[in-house]
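Structure record follows, encoded as structure tokens.
The values are calculated or read from the model by the stated rules, or taken from the named source; none is laboratory data. All values derive from a computational prediction rather than experimental measurement. Here the Cβ is made from the backbone with ideal geometry for all residues, glycine too, and neighbour counts use every protein chain on show.
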Amino acid sequence: MKMMAMALRRITLSPWQTALTALTIPSTTTTTTTTRPHSTLMSPPVVSLDLPDVWPPNSSHFHFPPPINYSNGHRAAVIDGKLIAEEIRSRIGSEVRRMKESIGKVPGLSVVVVGQRRDSEIYVRNKIKACEQVGIMSTITQLPDDCTEEHVIDAVSSFNVDPSIHGILVQLPLPQHLDEGKILDAVSLEKDVDGFHPLNMGNLAMRGREPLFIPCTPKGCIELLIRSGVEIMGKKAVVIGRSNIVGLPTSLLLQRHHATVSVIHAFTKNPEHLTREADIVITAAGVPNLVRGNWLKPGAVVIDVGTNPVEDPSCEHGYHIVGDVYYEEAVRVVSAITPVPGGVGPMTVAMLLLNTLDSAKRAYEFS
């Protein structure tokens, strides 16, 4: 016992590990027994380990490798998500017309929006416009920022039982006072076109299982890679950000495509070093210009999911959108990259339309 105690004293924790321990590990054996009376484990429940991913406010946190010589004039190929999405939407529109002509029905999508966020306004505006263009019927339910969970769940429940609605989308993120998990659980599995239901996410994680819906942004990212001729199998991939909306399902989907995946988050040590080893980088951290040219492996492929509003009085809406990647540095290093805007955003919308169409085909047994 004495030797064990000496060994334990030699263990050193990093500052964030020390903070995490203080937050989640009970200080006495009595407390541990009270908290988990039937457990033989010392580790706490995994949900108690959750901490918000707050990225450092400036790049001084990171240790950059030596600068890359950009003088050779190299420019990456631009992956045109807008063009690819237009091709997909054209096919969706044809299918919607065929459905209407054959059975007199069209797919229906309902969007539930709580509060007012700039990024959410952009997404919803684009989604409704896209629905109109392909012939999908769409509705918006706008709720105030201070509404209760019951109000949101009531709105969702009304669409669950509406046979004309085949897709329900709760625009994320929600205000902090709302339980996001509880609200998403209220969405019918058969209408979960965002793919966030635990059963859809679980089936995505398990080999041999097929989810009813794959989350739209990860699905769009993979479609961009495949249509651009990028080999995924056996490649090293890094996903920056681990949100339930993008980071987590993207990492799961890449694994289903047989990539070797690393997930970078706000507590990762030396993230730039890990990222620079990747053949494929998909970033969804929500931090403007986080990923610099020195983070990237020459010849890598970059999918930038970031849509970060930056104040700009000269723009129509008072801001412009930038990605997580410092684009002008990255294009001189990588082989291919998505622009922001015009990259992943249009693909996310196209995948939402496709999921809604697939849901309606299942509901009407239309093939």
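General remarks:
- Residue within the stretch 304-315 that is surrounded by fewer than 24 Cβ atoms within 10 Å (Cβ to Cβ) and under 16 Å from the mean Cα position of the chain (by Cα) present: yes
- Any hit, the stretch 343-360, residues being free of Cβ contacts under 8 Å to residues at least 40 places away in the same chain, more than 20 Å from the chain's Cα centre (by Cα) and either under 30 Å from Ile165 (Cβ atoms) or part of a strand (DSSP E or B) (or both): no
- Residue that is modelled with pLDDT of 95 or more and assigned to a loop (DSSP other than H, G, I, E, B), where the choices are Val156, Val152, Val187: Val187
- Residues of the stretch 91-112 that turn out to be surrounded by fewer than 19 Cβ atoms within 10 Å (Cβ to Cβ), of a type outside the set (Asp, Glu) and without any contact (Cβ under 8 Å) to a residue 60 or more places away in the chain, as a count: 7
- Meets criteria (under 13 Å from the mean Cα position of the chain (by Cα), surrounded by 17 or more Cβ atoms within 10 Å (Cβ to Cβ) and free of Cβ contacts under 8 Å to residues at least 60 places away in the same chain) for Ile240: no
- Pairing residues of the stretch 164-178 that are surrounded by fewer than 23 Cβ atoms within 10 Å (Cβ to Cβ) with residues that are part of a loop (DSSP other than H, G, I, E, B) and not acidic (Asp, Glu), at Cβ distances under 6 Å and at least 6 apart in sequence or on separate chains, gives Leu172/Ile245; Pro175/Gly115.
- Of all residues making up the stretch 288-303, the number that are touching an Asp or Glu at 6+ places or on another chain (Cβ under 6 Å) and either in the same structural domain as Arg117 (by TED's automatic domain parsing) or within 16 Å of Gly343 (Cα to Cα) (or both): 0
- Of the residues making up the stretch 244-254, those that are more than 17 Å from Val325 (Cβ to Cβ) and modelled with pLDDT of 95 or more are Leu248, Pro249, Ser251, Leu252, Leu253, Leu254.
Residue-wise test of (1) of a type outside the set (Phe, Trp, Tyr); (2) within 10 Å of the chain's Cα centre (by Cα).
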| residue | (1), (2) |
| --- | --- |
| Glu210 | yes, no |
| Phe213 | no, no |
| Thr217 | yes, yes |
| Ile245 | yes, yes |
| His273 | yes, no |
| Ala284 | yes, yes |
| Asn289 | yes, no |
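- Look at the stretch 322-333: where a residue is in the same structural domain as Ile280 (by TED's automatic domain parsing) and a partner is charged (D, E, K, R) and part of a strand (DSSP E or B), sitting 6+ places away or on another chain with Cβ atoms under 7 Å, you get Gly323/Asp304; Asp324/Asp304; Val325/Asp304.
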